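The values are calculated or read from the model by the stated rules, or taken from the named source; none is laboratory data. Given the structure is predicted, the values throughout are model-derived calculations rather than measurements. Glycine gets a Cβ as well: all are built from the backbone with ideal geometry, and neighbour counts include every protein chain shown. The protein model used for the area step is the full one, side chains on, heavy atoms only, and it has no ligands, DNA or RNA in it. Shrake-Rupley method; radii C 1.70, N 1.55, O 1.52, S 1.80 Å.
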Amino acid sequence: MRKFLLLHIFVCSFFISAGQEIIKKVKKDPSYLKFLPSNINPNKLNSSDIPSEQVLKQMGLSDREIQEALQFKYRKGKYKLENIKKDTTSISKFYLNFARDTIDQDSVLLPKAKIFGQDIFRINKLNYYQKALDAKAPKNYKIGPGDEISISIWGYNDFSETLEVDDRGYIHPSSYGRIYVKGLTFKNMREVLKNKFSNFLDMKNSEIDVTLSYSRVITVNIVGEVYYPGSYTIPAINTAFNALIAAKGPSQIGTVRNIYIKRDGKTIDSLDIYKFLFSPLKDQDIYLQDGDYIFVPPAKHIIEVQGAVNRPYTYEAKTKESISEILAYAGGLSPNAFADIITLKRTYNDALKIHDVYKDDISSTTVQTGDIIVVNKKSNIISNLVTVTGNIGVEGDYEFKKGEKLLDLLKKAQCINKNTFLNKVYVIRLNDDRTKSHLNINLQNIINDPSDKDNILLKEYDIIRVLSNKDFDDFFSVSVLGAVRHPSEFDYGEGMSLQDLLLQAGGLKQEAEGSRVEISRIMNYDISSNKLIPKRALIKTIPIGDNLLLSQEAENFILQPFDQVFVRTNPEFEPPINVIILGEIKYPGQYSMLRKNEKISSLIKRAGGLTNYSFLDGAQMYRRFSKNINNDDLIRIPEQLLDSILHDPQLRAIYKKNILQEERQRFNTDKLFNSNTEYIYDVVYLDLEKALSSMSSKHNLVLHEGDSIIIPKTMDIVHITGDLNNLEGNSISAPYFKRKRANYYVNNFAGGFSQNTNKAATVVVYPNGVAKKTRNFGLFVMSPRIKKGSTIKVFPKEREIQEEKKKTDWNAAIESAMIKATAILTLWLLIDKTQD
């Protein structure tokens, strides 16, 4: 223990000292400090502070240092987040600070945006240029010192160079003088270069291509209401919009309409996120310079848009913006919007009032802070319709046309054909007082004569119900239950035989062999009159022969509507019964019983017999019993049985959580396994040695479904516990000695019985679960004989409360007696005086 503690102290001291040396090196090494703005602590280095590879070379760093810095910048190698989490001791302190800062930012779940437009910076789906290489510059990108320009000319003349813009804003093509490009847009620079080279080359017969091969790295400061304010070193190819992504954009109260760009203490431009989102133009991109500030103030004019718009949300408005502009930001009105009147809720002197803004005024009505714009929905109640229902034609809603007659609508809905019931058609009509009338019309009459009075004019909201001849068809059924593969109810047809029904039910199951089929009839069907006469009787009992065969006569038995066929299960049939035997047996596992009365000895013989290490006295047996409960189906397994199962992977599936469901499927009955049945396991006394001694032994028990037998390894110790004289937690284990009794182990290994021990209450629990108590013969006690693996339990005496005998104080006794006598005499005198 002491060695381990010293080693632990040495390792901790080593890592602490190593970390301090790294910090000292960082503070002494000026190359690392070049990564940072002047006002930043080296211990708070960010990945964005590391510039591009070209800039690192210009800073004079070695190849090894450049590779280290780039791995840190792009989280590669040992600076991957997962590597930092695994081994923080190998990372220098300022790199570790960076990693923690990055992990915190990436792992924080930012809240849902309060104002529309805030969340576009948080979802990390926008483009952000982290590299200064291979960035394609847009036409309005302004050239500055540090940019690298690639110029290629081909055709009549050839020229190709990559030129860096110097601090004064010039590039220096070889043999062509210098060209001033600082402050030019990329588009204008291209024209300047083409004109400049025209003085020396034949540009009419040549082509020129100008690209930005490297974007300078700048430091911008993002402050105000953003999630991560601070200084960020980024490629200049990023716009102000891109730079905000690095800081995760405005916070919950930050503006999205009035973001200011400040340079040298002056505001030079502003960024409107809505303008950028809803009318994006490249000319609107704002490019930054080194030292610029992006300031995000709090949002001012907050407007709530509710109701039938495509994007109901909270929006920020600029001064004098109208309702129509805010609705445009909300995606416009939805198809079910009521556009004629927009509801405007506005607060006046702490009171909320409602204004109706008509369609013609929404463009001229400006919004104010706190306004709520509500676009109401239309009711969607259809007014001009008539409805056709029934099992013929095309039912549904149709347009109501004034002057249209009943027959015209029925033809349009294809309701007139050979299956139409022509005697009647019904019209349910809505009256003016909102009551309904039921009209019945002879359809045949109006088909024969469209001018018939029954061919009525339709009214709005009429419901026409057309009948089909099929509506009057009778559908009979027969059912089969019991030992068939698919017990169910089946459609009946004239001439249907018993064989036909059994085949449709999937045939007989094996447990039906040797049993019988019963046919119960509840209706007698008269084919000539097509009438059913109630009749409840058992009309046929058919035996099931070997191989599930029925007689030819039985198969041809003709069924009638609503007959019920019951296929009985053979009472001698037993489903597969499985038992488990584990432990010191040659082939442990699950076994299916061969016969209904198979015994333990037969199972052990089938399992290959006992191993040389089997401990017969410790064999335990568990039997499963059912118990009604109100909770979900569960199986409670004793700890000993559970431990054995967990150590045998092949047996885990046997005691899965869904074992009851599997057994229901196997037995196909709900009587034994219902939803309120729980299975518990109880210990069954088992003397395996006697069980194997004779087939007729009473200990050779008949096995039941779910029985589990565990035969442990030989145990050579005896455990002693209880009220003992030893000092180690009142329990100890000792070697086994033949023919010794419990008191021998207590006296020789547990320090003997204590003063409070009740020797006569000593109990021995044998490995198979049986317990024996010490026998008290008055003059002496005899404790039980011990077997291997037994547990001796010693109990304390029952405490007898004995009162101490006190010495008699005669003076106190006489004084007490005199007081009592005086009290009695006084009471007697008072009573006597009262009677006088």
Students often get this wrong, so check it: of Lys112/Lys359; Lys412/Lys453; Lys194/Lys275; Lys424/Lys459, which have C-alpha atoms separated by over 26 Å?
Lys112/Lys359; Lys194/Lys275
The range 308-378, accessible area per residue, ligands and nucleic acids excluded (1.4 Å, Å²)
55
Could you size up the charge dipole of the range 735-777 around its Cα centre, putting +1 on the beta carbon of Lys and Arg and -1 on that of Asp and Glu, and report it in debye to the nearest 20?
240
Using 0.36 nm times the number of residues separating Gln552 and Asp63, minus their current alpha carbon distance, what extension gain do you get?
166.3 nm
Would you please give the FRET efficiency between Phe780 and Phe573, computed as 1/(1 + (r/R0)^6) with r the Cβ-Cβ distance and R0 = 56 Å, to the nearest 0.05?
0.40
Residues of the range 326-341 with amide nitrogen under 13 Å from the 7 Å Cα-to-Cβ point of Leu277?
326-332
Under 14 Å from a point placed 7 Å out from the Cα of Ser152 along the Cα-to-Cβ direction: which residues of the range 190-227 have their backbone N that close?
207-213
Just going by the charge dipole of the range 280-373, with Lys and Arg at +1 and Asp and Glu at -1 on Cβ, which of Pro280, Ala328, Thr369 is farthest out on the positive end?
Thr369
Report the FRET efficiency, 1/(1 + (r/R0)^6), for Asn423 and Asp340, where r is their Cβ-Cβ distance and R0 is 60 Å, rounded to 0.05.
0.75
According to a simple spin-label model (label point 7 Å from Cα along Cα-to-Cβ), what is the distance in nm between His704 and Phe625?
0.8
Heavy atoms only, probe 1.4 Å: what % of the accessible area of the range 167-291 goes to carbon and sulfur, would you let me know?
46
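Could you order peptides 487-493, 210-216 by the average number of other Cβ atoms within 10 Å of their residues, highest first?
By packing density, highest mean first, the sequence is 210-216, 487-493.
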Students often check this: by mean Cβ neighbours within 10 Å, which of 394-403, 474-483 ranks highest, and how do the rest follow?
474-483, 394-403
How big is the accessible area of Met782 in square angstrom, nearest 10, if you roll a 1.4 angstrom probe over the protein chains?
70
Which of the three applies to the range 431-483, rounded, prolate or oblate, going by the alpha-carbon gyration tensor with a ≥ b ≥ c and a/c under 1.5 meaning rounded?
oblate
Highest-first arrangement of 692-699, 515-522, 376-383, where packing means the average Cβ count within 10 Å:
515-522, 692-699, 376-383
Once you have a ≥ b ≥ c as the square roots of the Cα gyration tensor eigenvalues for the range 373-503, tell me rounded if a/c is under 1.5, and otherwise prolate or oblate according to whether a/b is larger than b/c.
oblate
Hey, with R₀ at 51 Å, roughly what FRET efficiency would Ser270 and Ile382 work out to, going by the Cβ-Cβ distance, to 0.05?
0.50
Stretch gain in nm, segment Asp471-Lys139, where the contour uses 0.36 nm per residue and the Cα spacing is subtracted
111.9 nm
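What accessible area per residue comes out for the range 113-257, rounded to a whole number of Å², with a 1.4 Å probe?
46
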Farthest positive-ward along the range 379-505 dipole, Cα basis, beta-carbon charges - from Ser383, Gly493, Tyr398:
Ser383
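Leaving ligands and nucleic acids out of the surface, order Arg168, Arg606, Arg624 by accessible area at 1.4 Å, largest first.
Arg168, Arg606, Arg624
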Please work out how much length the chain gains when fully extended from Gln444 to Gln510, using 0.36 nm per residue of separation minus the C-alpha to C-alpha distance, in nm with one decimal.
17.9 nm
For the range 174-217, size of Cβ-based charge dipole, Lys and Arg +1, Asp and Glu -1, in debye
240
Starting from the 7 Å offset along Cα-to-Cβ, what nm value, one decimal, do you get for the label separation of Ile717 and Asp167?
8.3
Under a point-charge model restricted to the Cβ atoms of Lys and Arg (+1) and Asp and Glu (-1), what is the dipole moment magnitude of the range 422-495 relative to its Cα centre, in debye to the nearest 20?
220
